[in-house]
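Data first, discussion second: the structure below is written as structure tokens.
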Amino acid sequence: MTSLAFAAALFMQVTPASLPPDTAQFDTPATHVLVVRVIGAGSNVPPALRDYAATLRSAVYLAVRPDSAPGGELPVTIDEFAGRVQWERGGTLVQTVTGHREKLLAPTPYTIGTMLESPWVIPHLYGNTIDIFQLAPTPANRTRVSRAVHPFSPVGLAYYRYTAGDTVRIRTQQGVTTLVPVTVQRLARAPRDRAQLVAGTFYVDVDRAAVARARFGFEQRGGGAVSLTETGFYFELESGLVDGRWWLPYRQRREVQLTSPVFGGAAAIRLVTTLSDFHVNTGWTPVPAGRSRLASEPAPRGSDPFAGWNPAVGQELGGVDIADFADLRESVHPQRGGGPVKVGLRYERGEHLFRYNRVEGAYVGAGVLAQPRAAASRTWDAYATAGWAFAEGTPRGEVDVRRYLSPGAPKGSPAWTLQAGAYRRLRNPQVFRPPLAWEIGYSLNALLSGVDERDYYDAAGGEGFAIRRSGPWSLRLGGRVERQDSVSLNTHKFLFGTATRFPSIGAADPGTHAALEGELGYARGAGAFALGNSVVASLGAEAGLGDFRFERVTARLATRLPTRFVTLALRGDAGVMAGDPPPQYLFRFGGTEGLIGYPLRAFGGTAAVLGRARVLLHLPPYGSRPLYRIGFFAVPPLRPALVASGNAGWSSVSDRSKATLARLGAEPTDGVRTSYGGGISLFEDAVSAEYVVPASGGKGKWYVGFVQWF
């Protein structure tokens, strides 16, 4: 049964005089009836609800997601809080923290959690406004509140357009409850004042005429055709039915995202909170009344405020990602005039704005995105980028047109995208790439340190793919036709002089490559280099049908398995090919991005297997609580660990490809090549000092600094 049928059954409960005269802002008259009924019943806190108290569990993340990484996001810091929440209908909310623990990949005395000085729980979804506590107080130590016009308030009718979806049934302790999702957006004729609005979906309990859940973002003011940096404020608020009468917060997620091509990806501040053990109408009287605040009350010595939690920090509240709000990212920008299509300067990858390497030198480009102006009509978009490689004297760029077959699908549900485009790109032929790859990091390394040791070739042509995403799974099927050619080393310069680590470019055969391609992927986190449990896996296949006739299959698995005393990090890559591949398609490995301890890309062939493992034996102190804290400053837990590492690689080459491999200066491994190492690491294995020895001969080497070969 749809929401239309439910709302139509309620039509007689609302008199015509109670309806606004203009119903153009509703998709159907039944939606109109439903919205007006909810406004009448839920725009004020129910009189019988005086106060509540609940137990709090909260995780606070600072996470980043490179735009060039095949895996998921990377948490940089994680804070977890235990405590309680007390609220009373006069508007006072006191959030008390009784326990704090943390993990971090950066040796910093500050985390997002240590800088929070205001409550972050949103007490309910009743009322005429949506009140969000800001995360920092005023200089006078008064908690600030951002207020948005509630769509289900009388004032909301002047600002929003409402569209109802199909009903959703959920099971509560009282039985099955029916919810109707209502999507809200800025009304075209809404007043152009400074009122803060939202865009998203609100789930309405038809029986109780109340909002039970909401998923929305704050509408962003301003923003013209130029979009180099974009900020978004997003919320997922799930309520539970308490005593069969009131919808009170059960799980909340609030997130601040910053996306920028200069940054080369996105960063997010995320707060995920669960509330449980509700006690309603306790008679609590706040002192002072009317002042919401964040309080600290450390648990008594000998007690554990985290009892019942997963012992590993970050495990219990995982499964979230920056990409979860991709559908809201465009909805929160108001659409104002200018025709049915919106065109503006936009970058989808940082490397489209700037990159630096020994082939192109400095590359600078521009990007443009065209899409329907109305968010509800965004079933397609077109993206184009073009730029100039100054040292090479060559233009490069691409044009992509995408058709979204499931534009309004709920988060995590299966969705198809059709994509076709033409391009001229500088390609890196490395097959076994790390799941956490940051393209801007390579550019900065080349520009500032004079280190660029990757191979490249030029590719120009067209491609078409069908892409399906469902939760952490992805599927990509399609093909391409392109002209490939070799490139030359065009500069020896970096910012501070002549680079000593700009080697010559590996051979690449010219020709027309026509191929069918497919890849199945799974990503939960960033893989072996991460915080908490993480898995990245893929299986790919390619068949060349043009000048280069060959078949290739590759597989990858990277995972991290942490416990209190031991952490295991694993990565495996494998591939096999048949036919007559050109040099740019052969497997090559060696060095920090392959078989550590051996020369760079010393080995290769038409079949290869690589394995890497790290075992961390954590040393005392084992705790995850800050060692000392005063104000924003905290001495983080060092989390020292003894490290044992092992690396193994094997390759072979077909008779037809022996000469091609020799042109690249590589050779098959002649059996399994291994290396092993040991040392000490800090901060969840973010930095380490290790001595690695190649087992089949050669001199050992110290590796000190950030862990990077996973």
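Dividing the summed helix terms, -39500 (n - 2.57) for each DSSP H run of n ≥ 4, by the number of residues in the chain produces a 222 nm estimate of -1500 deg cm²/dmol to the nearest 500. Between the alpha-carbon centres of segment 547-564 and segment 186-218 there is a gap of 44 Å. Under the simplified labelling scheme, the TRP416-LEU642 pair shows an inter-label distance of 5.6 nm, with each label point 7 Å from Cα along Cα→Cβ. Legend: calculated FRET efficiency, GLU453 to THR178, from the Cβ-Cβ distance at R0 = 56 Å, rounded to 0.05, equals 0.40.
Farthest toward the positive end of the dipole of the chain, out of THR98, HIS32, PRO434, is the Cα of THR98, where the dipole comes from beta carbon charges about the Cα centre. Let a ≥ b ≥ c be the square roots of the eigenvalues of the Cα gyration tensor of segment 339-508; is it rounded (a/c under 1.5), or, if not, prolate (a/b larger than b/c) or oblate? Since a/c reaches 1.5 and a/b is larger than b/c, the shape of segment 339-508 is classed as prolate.
Which of the chymotrypsin sites (Phe, Trp or Tyr not before Pro) found in segment 470-546 are loop residues per DSSP with 15 or fewer other Cβ atoms within 10 Å of their Cβ?
Loop-located and lightly packed - PHE496.
When the Cα gyration tensor is reduced to axis lengths a ≥ b ≥ c, the ratio a/c is 1.5 or higher for segment 490-541, and with a/b not above b/c it is classed as oblate.
Each residue of segment 649-666 is assigned a 3J(HN,Hα), and the resulting list reads x, 9, 8, 9, 9, 6, 4, 5, 10, 4, 5, 5, 5, 5, 4, 8, x, 10 Hz, derived from the Karplus form 6.51 cos²θ - 1.76 cosθ + 1.60 (θ = phi - 60°), x at Gly and Pro. With contacts taken as Cα pairs under 8 Å and at least 6 residues apart, the chain reaches a relative contact order of 10 percent. Among VAL536, VAL672, the ranking by other beta carbons within 10 Å of each residue's beta carbon, starting with the fewest, stands as VAL672, VAL536. Cβ-to-Cβ counts within 10 Å put TYR598, TYR622 in ascending order as TYR622, TYR598, the fewest first. Grouping the Cα pair distances of segment 3-327 into 10 Å bins from zero gives a pair-distance distribution of 5, 24, 32, 26, 11, 2, 0 percent in increasing distance order. Between helix 29-42 and the chain there is an angle of about 70 degrees, using the helix long axis and the longest principal axis of the Cα atoms. Take every Cα pair under 8 Å whose residues are at least 6 apart in sequence, average their separation, divide by the length of segment 339-508, and the relative contact order is 20 percent.
Here segment 71-117 and segment 258-292 have alpha carbon centers that stand 9 Å from each other. Taking max minus min of the alpha-carbon positions on each principal axis, the chain gives extents of 85, 64, 47 Å, largest first.
Between beta-carbons, use under 11 Å as the cut-off and find the net charge around ALA641, counting Lys and Arg +1, Asp and Glu -1.
Values: positive: ARG614, ARG639; negative: GLU684, ASP685.
Its environment carries a net charge of 0.
The alpha-carbon of LYS493 sits under 28 angstrom from the alpha-carbons of these lysines, leaving out residues fewer than 8 places away in its chain: LYS701.
Which ordering of LYS699, LYS342, LYS493 is given by a fewest-first count of other beta-carbon atoms within 10 Å?
Details: LYS699 7, LYS342 20, LYS493 15.
Ascending number of Cβ neighbours within 10 Å: LYS699, LYS493, LYS342.
Taking only the Cα atoms of segment 157-216, the ratio Rg/Rh comes out at 1.08, with Rh defined as the Kirkwood radius.
FYI, it's all coordinate maths here, none of it is from the lab. All values derive from a computational prediction rather than experimental measurement. Ideal geometry is used to build each Cβ from the backbone, glycine not excepted, and the neighbour counts take in all protein chains shown.
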